[in-house]
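Q: First the structure, which I've put down as structure tokens, then a few questions once you've had a look.
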Amino acid sequence: MVEKDFKIEISNEIPLEKKDDYNIKEEIENHRKSIDRIFVSQYIDDNDGYGSDDYVVTCSYEDKSVLGWSINIEKNEYQPQPGDYFKIDQIDDDFLNFANYVLSRKILFLYNRIHGEHWLIDFNSDRTSSNRFLELKHRVSYYDLDRIGPDGIGFLPNGDLIQVSLRNRKIYKYCLTDKPKNTDLWEYSQINDIEIPESLYSQALQLARSLCRTKLFILVEGYYKSLLIQFDLLTMNFESQYTFDMPELSPEISVNKNQTLLALLAGNDNDYVYIFSMESGKLILKYHEEYYEREPVEFITLKNNSERLIIYNREKGSCALVDPYQVYDTIDISDDDFNDTSVITKSNKKIYIDDDNNVCVTNGLDENKLSNKIMNSNSNYTLPTFKIIQSMLNEIIAQEDIKKVVPFDEKIVVKDKVEIKNLGLCKIVFYNKNNVDYMGIEENDKIRIEYNIPNILSFKLLNNNQDVVLIHMRGIAIYTINEDGFKNRYFWCNNEWNNIYEKFKKESDEIYDINFTNEHYKPLIRSILKNDFDDSKHSILPEIIEILNNNLMEVIERVEDVINDDNLVSSIEMLKIAIENNYDYVLEHIVKNDNLLSKIGIEMFKMAIEKKYIFIKNLVKRIKINDNLVSKIGIEILKIAIEEKYDLIVKQFIDNTSIKLIQDYSENYMTSISLNLLELCDYYPDFIIKYISCTSFILSPYSGRIGNSKNTSLHSYTKDTLYAKESYINKLIQNLRVKEEIQTVSFIVPFPQICVYRDDNDHDNRKTENNHDIIITILKKMITGLKIIMMIPKSNSTWNEFLYKSKSILFCNIDSNNFYNLWNFAAIIDFKWKTFGRVYYFSMWLFYTIFYVCYSLASTLEQNFFSDSYFKLLYIISIIFGSIFLILEIRHFLWNYKIYLNDIWNFFDTGAYLLPIIASIFWLINKSQPPWLTAISIILLSFKFLLFFRVFKSFGIYFAIIIGVAKKVFPFVVLLFFIVLGYAQAFFIVLRSNSINDDNDPRNLATKYKFVNPDGTISNTTTIIQDPDSNTNLFNWFLTSLLAVYNLLTGDSGSLSPFTYRENPIMTILLVTFTFFTVIYLMNLFIGLLNLAIDDYNKEEEYLLQKAQIIMEIELFYMLPWQRNKKEWFPDWIYYDIPVTEIRKLINAIDNEQTVFTYPPIISKRLRELVVLTTNDNKKQTKEELTRELKEKMNKIEQKMEEKMDKIEQKMESIMKSLSKIK
């Protein structure tokens, strides 16, 4: 680039040091000659509406000075700013050598965490002081006390500076417009408090390499894994989180221009590249490269808008380019010389120092050059390549006689001046030697490398002369010319071509015969042009396997070519052929390629299931142990296996080996189980029972030590609840009551995303049954319309549906002596209740209390207590509140009427809302209401009020007993009812009055009173008879007869007192049998059954299930749709703390066989190290453990031997089939 003239002027506003213009110009020239580093603005490529930020700063270590340059990226123009030159003698040399930087809006922030220093330099022209160093009002902290990381500094796109202090849990915002022009401190304009969950207090928090653009990243260090929490600085909200292996140091982080991809270096030696989607939070790629060590990564965008990731290694002077979505080819771009004085921007622009000591801008990576480094490895499968091969075939058959390309003992130069590793500049040649064609590499007229080609009929160069297409006697091949020589990337022929070639070898011994070629190859090529290379096709297809089964190595080589070319159509075609012909060695190569398997794995699995192919076991095994593959296709694979009832595969997903993956925190494996939980409960209950039992308590991957907590029982939380809120006044009193801290251990619920709501399309896509029945169809459409009007939720969570599965699954991991109290189950409920459940529930209770009080007062108070207007107001309030609650009940019924009708509490709810509404309307119309309606309404209202106490454990267990026992003994109650009904009918027949004035007539049974004469004798002349009523003979009517028998059941025999036993022998017999069989025997039996049922339901799990269903109703019918999508309320992961003493009791009980599980939980080695107190008294236990471990190892060895034998048998079968075909 030609240097532009510029005039150095001293700004009148910013006085420099008192030197003349000549000295200033000379100092700038000295600076330019000794530039050691370029600092580039982080928003140099952005067009975000905040104006241009095309500014760079050069730094000279030798001269101890900095100089600002204004540049134009688009026009490749530059202009040094003389007024932006000044000395930085205050800054230490060692600091500069290892300093990180952020540059934005002409403000340079230099920081060095090792030295614990920072410098903030202002290059703006509005500064009135010669001192260019800015100071923030809140001091920046770099000391890592209590494992809390240093402060982070970054800039927003508008130039505002952000300071994040984890120690103070605050975010300070410094507006660019408030930047001081003199030596005053830069005042912050806003403070936001960072609300950090209590669960993170005991863990190390660090700012992972400060801030990236508008995102803040907080690193949570764990024992097994690390958690990176993403926080948006514009909205001050939590956005996402990422899990990766624990790094030794804070990871290097880079975000692409559109903030959709995040890359970081982590791992034990920072030797893994993790690439995450910032939109979904999911891992896209985990890439291992040992030699990268702790070097930065950077995204760039190419001309076709594709993203690439650059990974530097300044120590070794190497640089690599990686595709963030597939990394089977890493491109070395070390030749592009990126270093401290040559920087590439996100838009692929290179900013560097030229030979004239100017800052220059040019294009970054040469994309044409990259194409020579396998950037366009899939170009063989394009339409141009297809057309070229088509034209070559046409040219061959257009000849009168088909001639070879290379005549006998001659040589053709295909490409000159090719750089070959260890050889230098060489030539690519075709030559014939002893009637055999060769393709070779020639150096100084000597053949260094050669390949035998069976009689070349045609060839052409492709892709900027990097590929060569060959049509020879055996088929069509494409070779890539690279620094190693040749790489065979493609081969194609069909069965007919293969048969002709085999015939050619037999008849001509592979010596070219023009007559044979004309006779056989012309018809062959015409057929190929008609069927395989006709104009309707758009890409070449690799049908290489079916004709090469007798050459294993060649097949494998071709398979690798197709896999590397990454053409899905060709790969699936190849897959079909391999499965149909049982080519295990081909499938093994596909399975070993994670990139291809992630794309065609599901298709491969479906084909294998359809063919009942045994290789499916190896496929699932490979997917299961690979976290990337599980995340991409594992969930779908398991779903298909469940739908197809492929028991072997489902079992393989939930075997002991798979469950142990959870101890290594296989997030994606747990997700695949969690998202298929409902289907597993329906079709494979035994399998899911094993999974739930074995994963009863899984140590949190972020739990490296025993923590301290003020919660004396189970305490649940999530690590997704980080958020910020504007700070006004600090809290004066935080804890009014001091609680004693206890030791706890952190666990994780092994069902990720179980509480997350997803759209349920089943409601809309359900097919209408009996479409011929017009009435049913109309009714269903009306119900659907009503659901839409009533805003019935269409989304649901796995957890809500799981609550209505069989209790044998829900409570399958309860041990025999109740040492384990459903911690996973209770943690989810506890989290939901504390996060939002209690707020909604107590609000509902408050509104119901208003409803209850208003109706009770209006119905109970006398009419003259106050005026009718007040009564009217109370009834109107009752109607309004009752209607609101009733609408919610209707929504519940329409959502799922089967679940609604199955819960007896819902009937009390409906009655408590509906009857008071009806009674209130009666009063508003008639100024009175039926007393019976009022009485029933008050009873139901009171009972409903009591039901609100269900959420408290002490009350909830009793309510669970009431309903649980009622359901348990209901069959017995039905039996008892029919017995009572039978005896009531019998007594009715025997004791009713059949005619007037008979013995059972109520007048004859009424009590009679006679007078007593003065002499004490009874007068027979005068008798007073008590007027009989309906109670005189209860058996005269059937309903009162039924009531009378019920009274007998309770021990009240007053209904039989009007009758004499001697005169009514039938009645006496009925009474005796009834009292003995029913009152004595059945009622005592009933009491015994009640005791047994009470024992069954007097359990904490019944209370938890009841509470969980209450919270479910809150979520579905009281929340708005957007609230159900709140990440902090419905997180992917839920954690919980348990007191160490409880863990020790449980583990000791399991080890000493004091309790029994259906399937014993897996206890990790790390958990034992944390909580088990090892003493000399447990030597016997240690021996048992060693014996168990030895048995497990022996089982593993046997399993591996069986697998190897299976593979050997499969290969032998394939070889025998191949031999049979050869014969």
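Q: At 7 Å along Cα-to-Cβ for each site, give me the label-to-label distance between Lys872 and Asp1015 in nm.
A: Label at Lys872, label at Asp1015, 7.8 nm between them.
Q: Note down the relative contact order for segment 971-1097 as a percent, whole number, built from C-alpha pairs under 8 angstrom at least six residues apart.
A: On the way: 114 pairs, mean separation 32.5, N = 127.
Reported as a whole number, the value is 26 percent.
Q: Over the Cα atoms of segment 865-925, Rg to Rh with Kirkwood Rh, two decimal places?
A: Ratio of gyration radius to Kirkwood radius for segment 865-925: 1.12.
Q: Mind giving me the FRET efficiency for Asn1004 and Tyr1046? R0 is 30 Å, r the Cβ-Cβ distance, nearest 0.05 is fine.
A: 0.75
Q: Considering only protein heavy atoms, what is the solvent-accessible area of Trp69 at a probe of 1.4 Å, reported in Å² to the nearest 10?
A: For Trp69, the solvent-accessible surface is approximately 0 Å².
Q: A follow-up question, please. Considering amide H positions built from the backbone, and no H for Pro or chain starts, which residues 5 or more places from Leu211, or on another chain, come under 5 Å of its amide H?
A: Ile153
Q: Which peptide among 234-242, 509-517, 1079-1087 comes first, and what is the full order, when sorted by highest mean count of other Cβ atoms within 10 Å?
A: In descending order of packing, they fall as 234-242, 509-517, 1079-1087.
Q: From the cross-link list Lys215/Lys286; Lys417/Lys530; Lys257/Lys286; Lys805/Lys968, which pairs have alpha carbons spaced over 29 Å apart?
A: Violating the 29 Å limit, Cα to Cα: Lys417/Lys530.
Q: Could you derive backbone 3J(HN,Hα) for segment 253-265 from the dihedral phi with the Karplus parameters 6.51, -1.76 and 1.60 (θ = phi - 60°), listing whole Hz in sequence and x where the residue is Gly or Pro?
A: Residue by residue, segment 253-265 yields 10, 9, 10, 6, 4, 8, 6, 10, 10, 10, 10, 8, 9 Hz.
Q: Here is a follow-up. What FRET efficiency comes out for Gln1123 versus Ser280 if R0 is 30 angstrom and r is the Cβ-Cβ distance? Round to the nearest 0.05.
A: On the way: r = 21 Å, r/R0 = 0.70.
My answer for the efficiency is 0.90.
Q: Obtain the nm distance between the two label points defined at Trp1037 and Thr860 by a simple spin-label model: each point lies 7 Å from its Cα along the Cα-to-C-beta direction.
A: 3.2
Q: Roughly how many Å² is the accessible area per residue of segment 819-969, as a whole number, for a 1.4 Å probe? Before the final figure, lay out the partial values.
A: Values: 7200 Å² over 151 residues.
The answer is 48 Å² per residue.
Q: Fully extended, how many nm does the chain gain between Ile742 and Ile936 (0.36 nm per residue separation, minus their Cα-Cα distance)?
A: 64.8 nm
Q: Continuing with this model, one more query. I need the phi-derived Karplus couplings for segment 1099-1109: 6.51 cos²θ - 1.76 cosθ + 1.60, θ = phi - 60°, integer Hz, Gly and Pro marked x.
A: Residue by residue, segment 1099-1109 yields 9, 5, 5, 5, 5, 4, 5, 4, 5, 4, 5 Hz.
Q: Whole percent per 10 Å bin, from 0 to the bin with the longest distance: what is P(r) over all C-alpha pairs of segment 819-969?
A: 10, 33, 33, 16, 6, 2, 0
Q: D for segment 383-532, whole µm²/s, Stokes-Einstein with Kirkwood Rh over alpha-carbon pairs at 4 °C and 1.567 mPa s: what number?
A: Value of D from the Cα-based Kirkwood radius: 81 µm²/s.
Q: Using the structure shown, list the pairs from Lys834/Lys1165; Lys639/Lys794; Lys651/Lys1193; Lys433/Lys522; Lys87/Lys137; Lys460/Lys505 with a Cα-Cα distance above 28 Å, or answer none.
A: Lys834/Lys1165
Q: Does a label point 7 Å from the Cα of Glu410, set along Cα-to-beta-carbon, have any residues of segment 422-443 with amide nitrogen under 12 Å, and which are they?
A: Counting backbone N atoms under 12 Å from the label point, the list is 431-432.
Q: In whole Hz, with x marking every Gly and Pro, tabulate ³J(HN,Hα) for segment 176-187 from phi via Karplus 6.51 cos²θ - 1.76 cosθ + 1.60, θ = phi - 60°.
A: 4, 5, 9, 4, x, 9, 10, 8, 5, 6, 7, 7
Q: Along Cα→Cβ, 7 Å out, is where each label goes; now give me the distance between the ones at Asp340 and Asn498 in nm to one decimal.
A: Each label point is offset 7 Å from its Cα along the Cβ direction, giving 6.1 nm.
Q: Can you give me the % of accessible surface on segment 819-969 that is carbon or sulfur? Probe 1.4 Å, all protein chains present, nothing else counted.
A: 74
Q: Just to verify a number: FRET efficiency for Ala398 and Val436, C-beta to C-beta distance, R0 = 25 Å, to 0.05?
A: Calculated transfer efficiency: 0.40.
Q: Tell me the accessible surface of Val343 in square angstrom (1.4 angstrom probe, heavy atoms of protein chains only), to the nearest ten.
A: Estimated to the nearest 10 Å², Val343 gives 30 Å².
Q: Under a 5 Å amide H to amide H cut-off, with H placed in plane at 1.01 Å, what residues pair with Lys137 once short-range neighbours are removed?
A: Sorted by chain and number, the residues that satisfy this are Trp186, Tyr188.
Q: Hey, can you find the accessible area per residue of segment 971-1097 for me, probe 1.4 Å, expressed in square angstrom?
A: Dividing the accessible area of segment 971-1097 by its residue count gives 64 Å².
Q: Based on the Kirkwood radius over alpha-carbon pairs, what is the Stokes-Einstein translational diffusion coefficient of segment 971-1097 at 10 °C with 1.306 mPa s viscosity, in µm²/s? Provide the component values of the computation, followed by the final result.
A: Working: Rh = 16.7 Å.
It diffuses with D of about 95 µm²/s by this estimate.
Q: Sticking with this structure for a sec: Going 7 Å from the Cα of Arg1062 toward and past its Cβ, which residues in segment 998-1025 have a backbone nitrogen under 17 Å from where you end up?
A: The answer is none, because no backbone nitrogen lies closer than 17 Å to the label point.
Q: Could you pull out every residue, at least 5 positions away or on a different chain, whose amide H is within less than 5 Å of the one on Asp437? Hs are placed 1.01 Å off N in the peptide plane, and Pro or chain starts have none.
A: Ile453, Asn455
The values are calculated or read from the model by the stated rules, or taken from the named source; none is laboratory data. Just so it is clear, the structure is predicted and the values come from calculations on it, not from any experiment. Heads up, the Cβs are rebuilt from the backbone with ideal geometry, glycines too, and the neighbour counts pull from every protein chain shown. To get the accessible areas, we keep the full protein, side chains included, count just its heavy atoms, and leave off ligands, DNA and RNA. Shrake-Rupley method; radii C 1.70, N 1.55, O 1.52, S 1.80 Å.
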